[in-house]
Structures are given as C-alpha cells and as structure tokens.
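The values are calculated or read from the model by the stated rules, or taken from the named source; none is laboratory data. The structure presented is a predicted model; accordingly, all values stated were derived computationally and were not measured. Virtual Cβ from ideal backbone geometry, glycine too; neighbours counted across all protein chains shown. For the accessible areas, the whole protein counts, side chains as well, though only heavy atoms, and no ligand, DNA or RNA atoms are used. Shrake-Rupley method; radii C 1.70, N 1.55, O 1.52, S 1.80 Å.
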Amino acid sequence: MNSPFDSYLTQLESSLKFLKEDFSENDIEAAKKILSRPDRVIEKILKVKLGGTETKLIAYRSQHNNALGPYKGGIRFHQNVSKDEVKALSAWMSVKCSVVELPYGGAKGGVVIDPKNLTESDIENICRAFSREMHDYIGEKVDIPAPDVNTGEQEMAWMLDEYEKVTGFKSPGAFTGKPLVLGGSKGRTEATGLGGFYVFDAYAKSRNIIPSKTTIVVQGFGNVGYWFCYFALKAGYKVLAISDSSGALVHKTCVDIDEVSELKSKYRSFLEASKHTNKYSFATNDELLAMNVDVLAPAALENAITGKNANFVKAKIILELANGPVSPDAETKLLSKGVEILPDVLCNAGGVTVSYFEWSQNISGYYWSKSQVYKRLSKKMFGAFDKIAKLKALKNISSYRQAAYAFSLARIISAMKFRGWLGK
Ligand code: NAD
C-alpha cells in the first residue's frame, strides 16, 4: 500500500502535466523539486505527566510550502501519527489552501498518542508541552495551527494560552478553531462538514441530482462526519448509514442524527449501541464501504479505500471529506468503473476557509455574524467548485482531483516564480 506521502507525490506528478501550456519546462521541474518535500519537519520529544507519570511523546510539525502566505494546518493526536503522515497532510494543506485561494501555505502537526483513555489534565499537559516545544516555529504570521483528529476548541485554547505565556504577548491569530470567547469564529465548528456539503450541493446542482432520491453513507462520526450528515439530512438527502471505528449503524430509509448522537454518547461505540436498539442494524466498516448507495462519504482517516477494497465499492460518487481516504491505486480502479471522486483538497477545505475567516477577524479585531460566515463560506466553496469544473472541461481533465491540483499548483508555482524561487 502507498504511504500517504507517496500518494501525494503520485498526485503531484500526475497533475503537473496539465500545466505545460502555462509554465516553461524548467519552471515545472524546479517547482516539482520544491513541492516534492516539505520546507522542514520539526520533530520534538514532549516530556509530559500522564496519570502522574513522566512520559515522553513524539511530536511533529511539518511545514510544506509558504509561497502563498504563512503555513497553516491542524494538529492531530493519534497513535498512528508518523513523520510520513504529517508530511503528506502538510502537502495536501498547501494544495487545499490554494484550491480555495487562501493566502496560506500548508503545514500539519501531530502527537503520537492514543488520547482515548487519557484524562482531561493529561490532554492539557500534552497541549501545553506541544506549544512550549514548538513556539519558535509558530505564530500568526508564521505558521497557524488548528484542530484535526482528536483535537478541538479546548485543545486550541490550552495551546494558545501556553503560547501567549511563553511569548509574553496576546496573539489570538496564532491558532484557529478556538472557543468563541477567545476569538474563535462563529460557524468554525461545523465549517468542514458544511463546506463539504456546499461542494456536494454544487456538484449535485450541476448534475440535476434530486436530494430525496439520493442515498448516502458516511464513514466516521466525528466533527466532519457529523456536520456533513446534519446539513445533508436538512437538505433532504437520505443518509442510510454512519460509522465510527467500531462499525456502522444502518437504517432502512434514513438515519435520525439526534437519535444516532444519543446512542453514541450513551454507549460510546456504534457496535455497543447496535445491541440496544432495534431501529438500526449493524454493519462492519468493510460492509459500509460496499453498500449499494449513490454516495459514499469517507470522513475518518486516510487510506480507507485502497486497491484491496476498491472493487467492493458500489457508490457512483465518492465525496472525500477525510484527508487522503482514497489511495491512488484505488482511484485508478474507481475512475475506470466510472465512479466520480470529489477530492479532499476541495471537499474538506471549508474548515481552513473558516479558519482563515477567524484569523482575519482576529487581526482586524472586528467580528462577524454566523450568517456572514455561512454566506462567505458558501461563496468560496461554490466558487471553487465552479472554477475547478470549468478547468476540468477546458483542459479535458478526466478527474476532479487532477483538475483541483492543476488549478491549485498553477497558483503556487506562479507565486514561487514571482518570488524568484524557480531560478532563471
Ligand atoms: P474526529 O476525531 O472528530 O472524528 C474521526 C471519526 O472517525 C470518529 O468518529 C472515529 O470513530 C472515526 N474513525 C476512526 N477510525 C475509523 C475507522 N477505521 N473506520 C471508521 N471510522 C473511523 O476527526 P474529524 O475532525 O472529524 O476529522 C476527520 C477527517 O477529516 C480527518 O481525515 C481530518 O484530517 C479531516 N479534516 C478535518 C477537519 C476539521 O476541521 N476537523 C478539516 C479538514 C479535514
């Protein structure tokens, strides 16, 4: 199986060929060399007290490219975090920020830890240690972290607090995804799922897809999966199943999001919940991927669909809400079967877009209403889909991913060229 960074390199290589009319061969070669590795990867050992015991954890921050502006990207707490993974996620962030025309480059951070059984105070200790060790490399004009898997507004609040203690000045724009009271933006919590919904809605409108006749399954019931479901259900789509890491709850006609949320908080896992309800049946995550529906929305982790299970997928549309959920070999198989893949760099760009709104509000000190945030997010996501769809048609590009990459890379390469990074 491809590592996530190998997937990125394959995607980079296969998209640069569409820029031959826009840049010289030398420029493309020079840009490829720069974009094929992050600018730097910072690796630190965090010494933290977990359950009262001094423990050493590995933490990373990968800064991929900052031609368009300061580095930007989330911080993930997960046992499978690796250097390769943060490198890939930081590169995807560079592409993503440029897809939605934000003045940012790409970064990503992570701590190798399974936070499931940690106490609140353990997690606070990890957040503060991360900020202390990384404060020299982050800042509102340098590199701006945000939440990702297993981190949210509380983690950002602790990190910001520690950052401000160490640096000695208030700097709310150094982290996004903060609580409202610390300078967070209205609409940030739901932004990634809502942004994904706007992209899907734009695509659906372009294909005359009727919500009430369209079935969806969602893999992952975290921040992104939950909010995507919420808005898709509100628009009348039929969400038939939703999973967490234990498996999926399946309904014959349409899930009820409040009911599913209640079951999840009561029983902690869908597997356990399925034993206490007769409204929903249970499916494994493999069975969920193979369900006979119109849309499959992976919203958990990378490499959910690989060359091994791609042939089982029956959905005609894949909406990549997670980062890197479809590996390149799976993509080749799916595209040849006529499956349309709406790529992560577009579908989950709503989160970083509202993070950008948050940062802009922090810098200006002027705060927006929720309806202003939604309106501007909708304009960004519909606008990005439209530009990518047009480029796809104009350059006769077969996949939305390659079209999104071509659009994004053209902007990054142009910025690097103006800066004089590509040589003469
Ligand atoms: P989260 O931690 O809130 O939720 C992750 C969910 O995935 C959980 O329900 C977990 O149980 C489930 N999961 C984990 N492993 C699974 C497996 N093997 N099978 C099925 N489900 C599994 O994380 P999130 O913030 O919702 O992020 C989800 C994805 O979206 C990640 O790829 C993340 O990088 C990406 N993303 C998140 C944001 C954001 O703003 N949160 C923005 C852009 C991209």
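Of all residues being more than 23 Å from Gly69 (Cβ to Cβ) and part of a loop (DSSP other than H, G, I, E, B) in the stretch 138-185, which is farthest from the ligand (Cβ to nearest atom)? Just the residue, please.
This residue is Gly168.
Of the residues making up the stretch 96-135, those that are within 28 Å of Val345 (Cα to Cα), open to solvent by 10 Å² or more (accessible area, probe 1.4 Å) and either away from the ligand (no atom under 16 Å from the Cβ) or assigned by TED's automatic domain parsing to the domain that holds Gly220 (or both) number 3. The condition of being out of contact with any Pro (no Cβ under 9 Å at 6 or more places or on another chain) and touching a residue at least 24 places away in the same chain (Cβ under 8 Å) holds for only one of Val86, Val81, that being Val81. Quick check, is Gly177 touching a Pro at 6+ places or on another chain (Cβ under 8 Å), open to solvent by less than 30 Å² (accessible area, probe 1.4 Å) and within 21 Å of Leu271 (Cα to Cα)? It is false that Gly177 is touching a Pro at 6+ places or on another chain (Cβ under 8 Å), open to solvent by less than 30 Å² (accessible area, probe 1.4 Å) and within 21 Å of Leu271 (Cα to Cα). The residues of the stretch 51-71 that are open to solvent by less than 10 Å² (accessible area, probe 1.4 Å) and either within 11 Å of the ligand (Cβ to nearest atom) or not in a strand (DSSP E or B) (or both) amount to a single one, Ala67. Can you tell me how many residues in the stretch 283-294 are near the ligand (Cβ under 8 Å from one of its atoms) and more than 23 Å from the chain's Cα centre (by Cα)? Selection size over the stretch 283-294: 0.
Taken over the stretch 1-22, the criterion of being open to solvent by 30 Å² or more (accessible area, probe 1.4 Å) and farther than 19 Å from Leu89 by Cα is satisfied by Lys17, Phe18, Lys20, Glu21, Asp22. For the stretch 201-227, residues that are away from the ligand (no atom under 15 Å from the Cβ) and in a helix (DSSP H, G or I) total 9. For the condition open to solvent by 60 Å² or more (accessible area, probe 1.4 Å) and away from the ligand (no atom under 11 Å from the Cβ), Tyr230 qualifies.
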